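S.K.: Let me begin by handing over the structure; questions about it come next.
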Amino acid sequence: MDAFSVSLANGLNEPQMRRHKMIGVAGLFSVFQFAMPMLGWVCVSSIVQYFQVFERFIPWIALALLGYIGGEMLYSGIRDKESGDEAAVGFSALLVQGVATSIDALSVGFTIADYRLPEALLASFLIGVVTFVICFVGLEIGKRAGTKLAGKAGILGGVILIFIGVEIFASNMIGR
């Protein structure tokens with residue numbers, strides 16, 4: 001759902017996004033959502049003692065990454081009220097968003113630790129497919145709403161990203 005919300009914000013921020021870019025964005029998020037549980041699965045079976053130290057920093061990393069990207073979108077939306085012709089979300093920002101929205105999926109690798117490799121791959125593949133679909137839908141909804149919101153879409157997108165970062169942080173800190 002974090003990847004859906006970020007996709008929604010990206011669609012809001014770039015209402016002119018073409019279909020091939022939407023497929024690329026959804027695909028990038030789905031690759032991260034596939035890879036992170038597999039990485040967690042590998043960590044459990046090989047370097048679990050090192051990963052457990054890193055795990056407590058996951059909410060802080062997500063908060064920092066999404067806060068930074070959301071802050072830039074917010075600042076840009078306030079500063080450039082008339083912009084809208086250039087691509088609003090670049091590849092490097094998408095990579096940061098992909099990591100930020102999927103980093104908590106590393107812990108999914110712990111829950112599938114007793115799976116054999118084919119089962120872990122299947123579970124991660126299903127996560128990736130579902131992520132692709134919901135991200136594409138989020139981009140489409142965001143694009144349609146972004147067209148209606150015109151200059152305010154970048155501001156709303158930035159606020160959404162910051163909120164998601166805070167939500168990931170808060171839900172992980174409260175659960176500890």
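What follows is calculated from the coordinates using simple rules that are stated; it is not laboratory data. On a predicted model such as this, the values are computed, not experimentally measured, just so you know. As a convention, Cβ positions derive from the backbone with ideal geometry for all residues, glycine included, and neighbour counts pool all protein chains shown.
S.K.: Once you have the Cα-Cα distance between PHE163 and PHE110, take 0.36 nm times their residue separation minus that, and quote the gain in nm to one decimal.
M.R.: Taking 0.36 nm per residue and subtracting the Cα distance, the gain is 16.4 nm.
S.K.: I'd like the Karplus ³J(HN,Hα) series for the stretch 19-26: coefficients 6.51, -1.76, 1.60, θ = phi - 60°, whole numbers in Hz, and an x wherever there's a Gly or Pro.
M.R.: Karplus values, whole Hz, x for Gly and Pro: 4, 5, 6, 4, 5, x, 5, 4.
S.K.: While we're looking at this one, here's another question. Once both labels are modelled 7 Å past Cα along the beta-carbon direction, what's the ILE78-ALA64 spacing in nm?
M.R.: Calculated label separation equals 2.3 nm.
S.K.: Report the one residue of GLY27, MET17, GLY128 whose Cα lies farthest in the direction of the positive end of the charge dipole of the stretch 2-174 (charges on C-beta: Lys and Arg +1, Asp and Glu -1; origin at the Cα centre).
M.R.: MET17
S.K.: Starting from the 7 Å offset along Cα-to-Cβ, what nm value, one decimal, do you get for the label separation of SER45 and LEU122?
M.R.: 1.5
S.K.: Please compute, for the alpha-carbon atoms of the stretch 2-174, the extent along each of the three principal axes and give them in descending order in Å.
M.R.: Principal-axis extents of the stretch 2-174 (Cα, largest first): 52, 30, 24 Å.
S.K.: As an exercise, use a Förster radius of 45 Å and the Cβ-Cβ distance of ARG144 and PHE57 to find the FRET efficiency, rounded to the nearest 0.05.
M.R.: 0.75
S.K.: Size of the dipole of the stretch 2-174 about the Cα centre, Lys and Arg at +1 and Asp and Glu at -1 on the beta carbon, nothing else charged, in debye to 20?
M.R.: Dipole of the stretch 2-174, to the nearest 20 debye: 360 debye.
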